[in-house]
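Peer 1: Could you have a look at this structure, given as structure tokens, before my questions?
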Amino acid sequence: MKYSITFFLMSLLFLCACEEEEISKKTQPLPDGVMRLSATVSNGAKTRALNDPLGDATADEKRVDRIAFFVYTQAEGMQIYVPAAAGESYDDFPNKVHLTDNGDGSYGAKVDLTAGAGYDADVIAVANLPEEYDYTQIVSWKGLLDSVTVATTTMPLCTGEYDTGKKNAFVMFASATVALHKEKEAAVSFAMERLVARIDITNKAYGTGKNAFKLTKARILQAKPASYITPHDLYASPEVVTVNDWKLDPAAVKLYNGEVQTDNETTEANGDAICQAAWHTLYTYENDDVAHTPTCLEVTGEMNGATITRKIPFEVTDADGITKNPVPIVRNHRYLVQINPAPGETDITYRLTVDEWNAVDTVNVQPNQDQPPVKSDYSATGATAVFGDPAAPDSLLFAAATDGTISFKAACPFDIKVSVDYASDADKASGEWLSITDISDATITKAGATIERTFTIKVAKNDAPDASLVNRGYILIANAGNWSAIDTVTVFQGANIAYGDTRFAAVTMGAVNGIDVVWAPVNVGATEIATNVIKDADIQNDQEKRSNDRQCGYYFQWGRKVPFTYGGETTDLAPSGTTLSTYAEATKPDYTYADKFIMDNNAWFSDYSSFGKNWPRENDPCPAGWRVPTKDELQIIYDQKPLTITDGVWTSATTPAFVLPAAGDRVYNTGKSEARGTTAVYWSSTFESGKAYRLNTDPLLESRDLAPGYSVRCVKE
């Protein structure tokens, strides 16, 4: 079997976390400056068939030939410790990983570390990469977590030779967290997780009479020929072309005179066989794409003197006995396809069950691994504002002038891994301003079913803040047994929270019913805070027009989320005199004029006079967490009259950070763009008697027909 290593670029909103294991440290000191990692390596060895225990997995399925360690600390980055080659002794190569077979299904591994003393280290162990593998191609910890894959041109196997003298062994993965101390040996245990899944076939329709089915061939269809080394979100699989030529070895099909067990294996000559089975022979990598290219099985056999072939999709039936759901292929799992007799029919039926390959030893595949940690007991110092549930907020704001802290408890059956990340490189331009400063020892709660820890995060100050921009970071709180079961707390560093997915600081101005109103700093569609909007008559070139576009953003007919541009009427108008449809019909994606400006004297939909509700949330053009303001919220601006326009911009006298560009509008019955640089007109969400309220800088705050195209300035929900 030929292996190749490939890199796939993926963009994730969070860094994967590493499983934490209980660490014990030896007390004997080591030579000056030496740190040693001593590992016990094992894997979940039990398999199960229809809830009856089988024996251990085969020795080859459990075999570890070589192992590499990837050790990461926040202070010193990633260090790679490669396997020692044959003939390389520990005394001569102490910084390579030396593996010892203990003869009982476990292994020992020893290596002297070159960095990381005094820190908690995340350690990833990868076993059985090819001997010729070039570890220098892994250049960063994030690259290891996000993009490294192992691929093969043939079905992955653990027996035979893929090259002269080189036996196959499954690539395996494990992770742990360990505290490193100079001149001490840190001991850690790894329960290895195979990257492959195993597919077994049991044929209970076997026999010699009528309607019996004799299995002769099988192959995996739409198998993924590659896998990430580090598990991804929901055990996602790489986007690679699937293959259909991974076939069953016919010699692996055996006969049994009862349920499949080694001691009841029989032969056709004995005449006592009641089933066939082909186990430990079909393997594939994980495949999460059950919607487009789901992995399935094709079986071929003899029945009533004819050869029949059946495609068996991987799906399981719900408790109702009717509904079928596709099954993703997940690493380290065992999938049992059971072929059953179909009395009175000239065909076969089948049943698919899914059992964990190593459920005895490895927590990563237990049924409740999808539970995210439960957060509680939040406290913060230096926080300007907390958003969401005060006991477990979803976001916090920190003024940039002083340091702050966030503390909380998190509980989960599979321990908890907390990490930090940033929305972009620009958000951490001032440095790594989020750091984990304390993790408590684990305590067991709920009668031993849950592990709980307390975490403290430091939020560093920004010594040179830009009042118009916000830095956005994330605290990622993950289930250590399943990194996709994760909760995220957003931390803002700046004068206010960020608007949408931008770095622009929101502006708090005014209040309604005693609640502060938080405004977006730009119009929907704008990419710059307005400073100078040039009148149409004064535009000298395309550069000035594009500057206006960036400051003014889009225009919307009331109740629509379809954006229109200034000057776009040459291509975006529905035909004049278009027969209006109801609001429900006109907001469907397949509506004839779904992306067109619909001209009319009153409204762009027919049932406006009886509509009777505010701007529907499903058609709100504001980003998630934001919405079109109400009439009462626009009143905050109106009350600051006169609303004097200077250089095409109105600036609040009470809150100078809040500005409105004089973006003009699109005329209701012609769609024409007009008055940019002169007038600012903004929709509210408030509907009344077939019209909606809008604000302009004349100043007016009054109800208006629904057909014009005006700007939208969002407020925080």
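Peer 1: Select one label from [x] 230; [y] 373; [z] 187: the one whose number is volume of the Cα convex hull per residue in Å³ as derived from the coordinates shown.
Peer 2: Computed from the coordinates, volume of the Cα convex hull per residue in Å³ corresponds to [x].
Peer 1: According to a simple spin-label model (label point 7 Å from Cα along Cα-to-Cβ), what is the distance in nm between Lys210 and Thr578?
Peer 2: A separation of 6.8 nm, rounded to one decimal place.
Peer 1: On to the next question. What do you get for the angle between helix 542-552 and the principal long axis of the chain? Use alpha-carbon atoms, 0 to 90 degrees, nearest ten.
Peer 2: Once rounded, one gets 80 degrees.
Peer 1: On full extension of the chain, what length is gained from Asp516 through Thr159, given 0.36 nm per residue of separation minus the C-alpha to C-alpha distance? List each step's numbers first, then the result.
Peer 2: Working: separation 357, 0.36 × 357 = 128.52 nm, distance 6.81 nm.
Here the segment from Asp516 to Thr159 would lengthen by 121.7 nm.
Peer 1: In the chain, what percent of the accessible surface is made up of carbon and sulfur (1.4 Å probe, ligands and nucleic acids excluded)?
Peer 2: Result for the chain: 49 percent of the exposed heavy-atom area is carbon or sulfur.
Peer 1: Just in segment 169-239: which GluC sites (Glu not before Pro) are loop by DSSP and have at most 13 other Cβ atoms within 10 Å?
Peer 2: Numbers: sites: Glu183, Glu185, Glu193, Glu239; in loops: Glu183, Glu239.
Sparse-neighbourhood loop GluC sites (Glu not before Pro): Glu239.
Peer 1: For the chain, with every protein chain kept in place, what is the accessible area per residue (1.4 Å probe, Å²)? Kindly include the intermediate steps, with their values, before the conclusion.
Peer 2: On the way: 31220 Å² over 717 residues.
Accessible area per residue, the chain: 44 Å².
Peer 1: Excluding residues on the same chain fewer than 8 positions from Lys672, give the lysines whose Cα lies under 29 Å from its Cα.
Peer 2: Lys535, Lys545, Lys561, Lys588, Lys596, Lys613, Lys631, Lys641, Lys691
Peer 1: If you don't mind, another one. Which of the pairs Lys96/Lys461; Lys224/Lys324; Lys224/Lys254; Lys96/Lys409 have their Cα atoms more than 32 Å apart in this structure?
Peer 2: Working: Lys96/Lys461 41 Å; Lys224/Lys324 23 Å; Lys224/Lys254 27 Å; Lys96/Lys409 38 Å.
Flagged as over cut-off: Lys96/Lys461; Lys96/Lys409.
Peer 1: Do any trypsin sites (Lys or Arg not before Pro) in segment 195-249 lie in a DSSP loop with no more than 13 other beta carbon atoms within 10 Å, and if so, which? Walk me through the intermediate numbers first.
Peer 2: Numbers: sites: Arg198, Lys204, Lys210, Lys214, Lys217, Arg219, Lys247; in loops: Lys204, Lys210.
When the trypsin sites (Lys or Arg not before Pro) of segment 195-249 are filtered for loop state and at most 13 Cβ neighbours within 10 Å, Lys210 remain.
Peer 1: Continuing with this model, one more query. Determine the percent antiparallel among the DSSP beta bridges restricted to the chain, to the nearest 5.
Peer 2: Values: 165 of 187 bridges.
Among the beta bridges of the chain, antiparallel pairing accounts for roughly 90 percent.
The values are calculated or read from the model by the stated rules, or taken from the named source; none is laboratory data. Computed from a predicted structure; not experimentally measured. Ideal geometry is used to build each Cβ from the backbone, glycine not excepted, and the neighbour counts take in all protein chains shown. Just so you know, the surface numbers come from the protein's heavy atoms only, side chains and all, with ligands and any DNA or RNA stripped out. Shrake-Rupley method; radii C 1.70, N 1.55, O 1.52, S 1.80 Å.
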